[in-house]
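Where a number appears in this text, it was derived from the coordinates with a stated rule and is not lab data. Note that the structure is a prediction, hence the values are computed from the model and not measured. Backbone-built Cβ (ideal geometry, glycine too); neighbour counts: all protein chains shown.
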Amino acid sequence: MALYKEGRTQERQARMNPMTDDSTTHFGFQTVPEAEKAGMVHGVFTRVASRYDVMNDLMSGGMHRLWKDAMMDWLAPRPGQKLLDVAGGTGDVSFRFLNRAPGAAATVLDMTESMLISGRQRAEAERMADRLDWVVGDAMALPFAANSFDVYTISFGIRNVTRIGDALAEAYRVLRPGGRLMVLEFSQIPNDLMQWVYDRYSFNVIPAMGQAVANDRDSYQYLVESIRKFPDQETFAAMIRKAGFAQVKYRNLTMGIAALHSGWKV
């Protein structure tokens with residue numbers, strides 16, 4: 001039976017992620033102290049957890065399901081592999097992975113326990129309980145030994161991490177030699193007109209939808225803003241290489257609204 005596990009200690013987090021009092025970062029379009037961002041992001045996902053899957057379908061017109069399937073197609077899960085799905089929330093990616101890889105196991109890690117609770121309540125979780133672990137933890141201070149996993153995935157989560165470079169370094173650390181990183185994230189459309197149209201939809205429709213469906217406009221305003229603050233495809237690919245990964249490539253999805261990034265630990 002899969003159990004919730006506490007992902008890290010405060011001492012370990014502080015040791016691995018030192019912050020100075022004057023360090024700042026972005027929370028959407030706001031500038032905030034680094035030390036406060038994780039708590040603010042935690043608040044967003046705690047508030048939206050119960051409606052998270054419904055809102056994903058509405059916001060993307062169901063496209064997020066096709067993007068995750070495309071992720072699995074490129075990843076090509078193999079029997080017996082061990083997956084770490086960071087910011088895995090309600091388990092969408094892990095369920096897909098386990099369906100394609102007999103005998104594989106998955107660990108879903110998320111900083112928001114209520115997201116994990118929603119995931120464990122899904123029918124897929126009951127069928128796969130003996131192959132799943134659910135861990136509360138921080139992408140910047142993973143509670144796992146080095147060289148523990150064959151595959152690391154993170155979907156629509158890395159843009160919410162306080163220091164993306166630290167999260168990528170942790171991904172590299174916990175992957176075994178020959179292990180693979182795959183990131184699915186919203187990105188930038190390489191066409192100015194289409195980007196303008198998409199921005200109008202994002203900023204005008206999605207927060208209003210969040211208010212109507214989840215009674216939470218502010219959280220969805222943040223999510224839209226966080227997409228605009230995330231690096232473009234080439235910049236993010238360079239960050240993956242800097243973390244030590246080789247054979248780094250990316251593929252645009254739906255004209256670049258989202259992108260898949262792949263890298264290998266060699």
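On the basis of being surrounded by 14 or more Cβ atoms within 10 Å (Cβ to Cβ), in a helix (DSSP H, G or I) and among the aliphatic types (A, V, I, L, M), does Val197 make the cut? No; evaluated as a whole, the condition is false for this residue.
Checked against the criterion of being among the β-branched types (Val, Ile, Thr) and touching a helix residue (DSSP H, G or I) at 6+ places or on another chain (Cβ under 7 Å), the stretch 117-125 has no qualifying residue. Scan the stretch 69-100 residue by residue and report those that are surrounded by fewer than 19 Cβ atoms within 10 Å (Cβ to Cβ) and within 13 Å of the chain's Cα centre (by Cα). Scanning the stretch 69-100 gives no hits.
The residue list Phe149, Phe156 contains one member that is surrounded by 20 or more Cβ atoms within 10 Å (Cβ to Cβ), among the hydrophobic types (A, V, I, L, M, F, W, C) and within 21 Å of Arg65 (Cα to Cα), which is Phe156.
Output the residue which, of all residues in the stretch 211-248 that are within 16 Å of Ser50 (Cα to Cα) and in a loop (DSSP other than H, G, I, E, B), is nearest to the chain's Cα centre (by Cα). The qualifying residue nearest to the chain's Cα centre (by Cα) is Asp216.
Candidates Met63, Met111: the one that is surrounded by fewer than 17 Cβ atoms within 10 Å (Cβ to Cβ) and either free of Cβ contacts under 8 Å to residues at least 12 places away in the same chain or at negative phi (or both) is Met63. Remark: Ile206 matches the filter, which requires a residue to be farther than 19 Å from Ile158 by Cα, in contact (Cβ under 8 Å) with a residue 40 or more places away in the chain and surrounded by 16 or more Cβ atoms within 10 Å (Cβ to Cβ).
State whether one or more residues within the stretch 211-229 are in contact with a Pro (Cβ under 9 Å, 6 or more places away or on another chain) and closer than 26 Å to Asp150 by Cα. No, the stretch 211-229 has no match at all.
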